[in-house]
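Read the structure below first, then the notes.
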Amino acid sequence: MKGQMHTDLGQVIIDEEVIATYAGINAIECFGIVGMASVNMKDGFAQLLKRDNVSKGDDNKIYIDFHIIVVYGVSIATVTENLIQNVKYRVEKFTGMSVEKINIYVEGVRIVD
């Protein structure tokens, strides 16, 4: 199901992949996140972003799943709180739709120099 907005000039439809890409870009900019966990361990930005699941319910609200790798030594609670607030704000501003839920799965920890 695609996200929909109705305006005076017509209907705007936003594909789920667009929202997933935008959310993924904003997620990796957050402090403490090294990257996204990949399904088959191949590198590649586009492939990693596809792992993030974005769905929209019948109520036109957005639900996002992130599979992330965090920096060793940082507070996972702080990193995930920052991720949720940052992505929720930016995706809502970008799409004009409400982000109902963001699930975060910490798939790994990496030491960064």
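The values are calculated or read from the model by the stated rules, or taken from the named source; none is laboratory data. Just so it is clear, the model here is predicted, and its values are computed rather than measured. Neighbour counts run over all protein chains shown; Cβ positions are idealised from the backbone, glycine included. Only protein heavy atoms, including side chains, enter the accessible area calculation; ligands, DNA and RNA are left aside. Shrake-Rupley method; radii C 1.70, N 1.55, O 1.52, S 1.80 Å.
Points to keep in mind about this one:
- Members of the range 11-39 that are polar (S, T, N, Q) and within 11 Å of the chain's Cα centre (by Cα): Thr21, Asn26
- Scanning the range 21-37 for residues that are in a helix (DSSP H, G or I), aliphatic (A, V, I, L, M) and open to solvent by 10 Å² or more (accessible area, probe 1.4 Å) yields a count of 2.
- The residue that is surrounded by the fewest Cβ atoms within 10 Å (Cβ to Cβ), counting only those in the range 77-92 that are more than 15 Å from Glu29 (Cβ to Cβ) and not polar (S, T, N, Q), is Ala77.
- Residues satisfying the stated conditions in the range 77-113, i.e. touching a residue at least 60 places away in the same chain (Cβ under 8 Å) and not in a strand (DSSP E or B): Asn86, Val87, Arg90, Val91, Phe94, Thr95, Gly96, Met97, Val112
- Lys101 open to solvent by 70 Å² or more (accessible area, probe 1.4 Å), farther than 16 Å from Gly24 by Cβ and under 11 Å from the mean Cα position of the chain (by Cα): yes
- Residue within the range 65-76 that is open to solvent by 90 Å² or more (accessible area, probe 1.4 Å), at pLDDT 95 or above and outside any helix (DSSP H, G or I) present: yes
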